Amino acid sequence: MVNLPESSKIDVSPLASAFNDVTNSYKFFWFISILDCVQRGEERIIPVSRLLCSMVAYAWFPVNYFRLSFGKQDRLSRIVEMLKRDCNIPINASRQDVHRHAIQQMQLRTPVGREIRALGEYVPQRFLRPFFQQQLRGMPDRKVDATIKSLASATNSGASRLVLYLFVERDGVECIEITTAWYEYMTAHISILKGFCLWHLLQYLQKNNPNVPNLASKILAPTKRDLSRAHQFWDAILAVLGTQVTCIYSGKAITPENYTLDHFLPWRFVAHDLLWNIVPATKEANSSKSDSLPDIDVYFDRFSSLQYEAVQTALKHKLNSKLLDDYIMLLKAPSLSSLQTLSYDHFRAKLLDSIAPQVHLARSMGFSIGWVYANDLQVTQES
């Protein structure tokens, strides 16, 4: 849990409660977009349209790349999916590119542009609701947004309980104006506030995505992956076994010069680089497989057999023991020596226990499953 720093100038308790009992995702992405502007040192007056497009851009990777659910009622996730469909944007587009597309759609007043604009009818107001809990108690929902706008201006004119921002216009454009005390507070505590927002977003996503692996790594756009450990491991194995190692998909011999690393369960689903999920493969097979999940009936035994052989080879030739930590964690092995006495059947069963449920989960999230390489596809069709 991330607690907010206290302030002698403002009451931070309304912000501290902003993410309590959240049923939609918009509050997280609205606030993180405001924090972005503050972190860049922009002025206190920010166009609402820019913040709305930033929300869409921030939600892009969790929704379209990692296929996370924001909940059945969530409007922002539907807009993000609509933008992808209507504009044919690649799922790995940068946040800047998505932001640019969103602004363009708003300017052109396309269907998705109108949906983005419609977020502005309630998102900026509803985020301030905790600042006026007492005044809004019992009020009909249809009156809440207009009341919050007027209360924000009235509160800022003299009361000590300063609201986070006001609603203003600049050159006919709807904007928010962050109050001076709050701007100073956010500038001073920007890292803590981002952590506070992302921590609550993670709790929200966990409720809507039970059992999804490594959620914390799927909130923002993925960072550059570091496969140095996996390369170190498999380079060492190949140096010992030579051309005995073959690609589990194509059947071709693997050499240090011709292989690439393949995540058996695609990285886009697991968002980790644990060695028990990585094997060497030919570049052609890896490219063909892409983000699909392989057919377990066709490939799991080949996969588990290669993994087992690699572990036993590493133990026998006393390769860097730190590289086996991922297997120790997976197998709940008490020591390295216990890995040496582990039978293949036990190793296979443990690996399957980890992978099989994730395949079913990936299917439910919309990932393509049952991929078969072209050569194997011909064999399976003939048999």
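So for region 293-301 (the condition being within 19 Å of residue 230 (Cα to Cα), at pLDDT 95 or above and surrounded by fewer than 20 Cβ atoms within 10 Å (Cβ to Cβ)), does at least one residue qualify?
Here is the first cut: in region 293-301, the residues within 19 Å of residue 230 (Cα to Cα) are none.
Scanning region 293-301, I find no residue that is within 19 Å of residue 230 (Cα to Cα), at pLDDT 95 or above and surrounded by fewer than 20 Cβ atoms within 10 Å (Cβ to Cβ), so the answer is no.
Mind checking whether some residue in region 43-52 is among the basic types (Lys, Arg) and within 18 Å of residue 190 (Cβ to Cβ)? Outline the logic, then answer.
To start, the set of residues in region 43-52 that are among the basic types (Lys, Arg) comprises 44, 50.
Filter once more, so that each one left must be within 18 Å of residue 190 (Cβ to Cβ): 44.
Scanning region 43-52 turns up at least one residue that is among the basic types (Lys, Arg) and within 18 Å of residue 190 (Cβ to Cβ).
Read through the list (1) closer than 23 Å to residue 52 by Cβ; (2) within 29 Å of the chain's Cα centre (by Cα); (3) crowded, with 16+ Cβ neighbours inside 10 Å, then give the number of the only condition that residue 151 fails.
Going through the list (1) closer than 23 Å to residue 52 by Cβ; (2) within 29 Å of the chain's Cα centre (by Cα); (3) crowded, with 16+ Cβ neighbours inside 10 Å, residue 151 breaks only (2).
Do any residues in region 39-59 that are in contact (Cβ under 8 Å) with a residue 40 or more places away in the chain have Cβ atoms under 7 Å from those of residues that are basic (Lys, Arg) and not in a helix (DSSP H, G or I), where the two are at least six apart or on different chains, and which pairs are they?
As it stands, the answer is 45/170, since those pairs meet every condition given.
Looking at (1) acidic (Asp, Glu); (2) modelled with pLDDT of 95 or more; (3) more than 30 Å from residue 63 (Cα to Cα), which is the only condition residue 325 fails?
(2)
Listed residues 55, 106; which is over 20 Å from residue 180 (Cβ atoms), of a type outside the set (S, T, N, Q), over 17 Å from the mean Cα position of the chain (by Cα) and surrounded by 15 or more Cβ atoms within 10 Å (Cβ to Cβ)? Steps first, answer last, please.
Working: 55 fails: over 17 Å from the mean Cα position of the chain (by Cα).
Residue meeting the stated conditions: 106.
Within region 2-53, work out how many residues are of a type in the set (A, V, I, L, M, F, W, C) and either at positive phi or touching a Cys at 6+ places or on another chain (Cβ under 8 Å) (or both). Quick ask: steps written out before the conclusion?
Going through region 2-53, the residues of a type in the set (A, V, I, L, M, F, W, C) turn out to be 2, 4, 10, 12, 15-16, 18-19, 22, 28-32, 34-35, 37-38, 45-46, 48, 51-53.
From what's left, either at positive phi or touching a Cys at 6+ places or on another chain (Cβ under 8 Å) (or both): 19, 28, 31-32, 35, 45-46, 48, 51.
Here the count works out to 9.
May I ask you to list the residues in region 212-233 that are over 14 Å from the mean Cα position of the chain (by Cα) and touching a residue at least 60 places away in the same chain (Cβ under 8 Å)?
Within region 212-233, 229, 232, 233 meet the criteria.
Kindly evaluate residue 81 against the criterion of being of a type in the set (Asp, Glu) and under 21 Å from the mean Cα position of the chain (by Cα).
In short, yes.
Scan region 16-36 residue by residue and report those that are farther than 12 Å from residue 76 by Cβ and either of a type in the set (Gly, Ala, Ser) or in contact with a Lys or Arg (Cβ under 8 Å, 6 or more places away or on another chain) (or both).
Result: 16, 17, 18, 19, 32, 35.
Rundown of residues vs (1) aliphatic (A, V, I, L, M); (2) under 34 Å from the mean Cα position of the chain (by Cα), yes/no style:
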{"position": "318", "(1), (2)": "no, no"}
{"position": "322", "(1), (2)": "no, yes"}
{"position": "338", "(1), (2)": "no, no"}
{"position": "362", "(1), (2)": "yes, yes"}
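Working carefully through the options 36, 97, find the one that is closer than 18 Å to residue 192 by Cα, charged (D, E, K, R) and either in a strand (DSSP E or B) or in the same structural domain as residue 197 (by TED's automatic domain parsing) (or both).
Values: 97 fails: closer than 18 Å to residue 192 by Cα.
None of the others qualify; the one that does is 36.
Report whether or not residue 11 is acidic (Asp, Glu) and free of Cβ contacts under 8 Å to residues at least 60 places away in the same chain.
No: the conditions fail for residue 11.
If you go through region 197-219, how many residues are hydrophobic (A, V, I, L, M, F, W, C), over 22 Å from residue 16 (Cα atoms) and exposed (fewer than 15 other Cβ atoms within 10 Å of the Cβ)?
0
The values are calculated or read from the model by the stated rules, or taken from the named source; none is laboratory data. These figures come from a predicted structure and were not determined experimentally. Here Cβ is always computed from backbone atoms with ideal geometry, including for glycine, and neighbour counts include all displayed protein chains.
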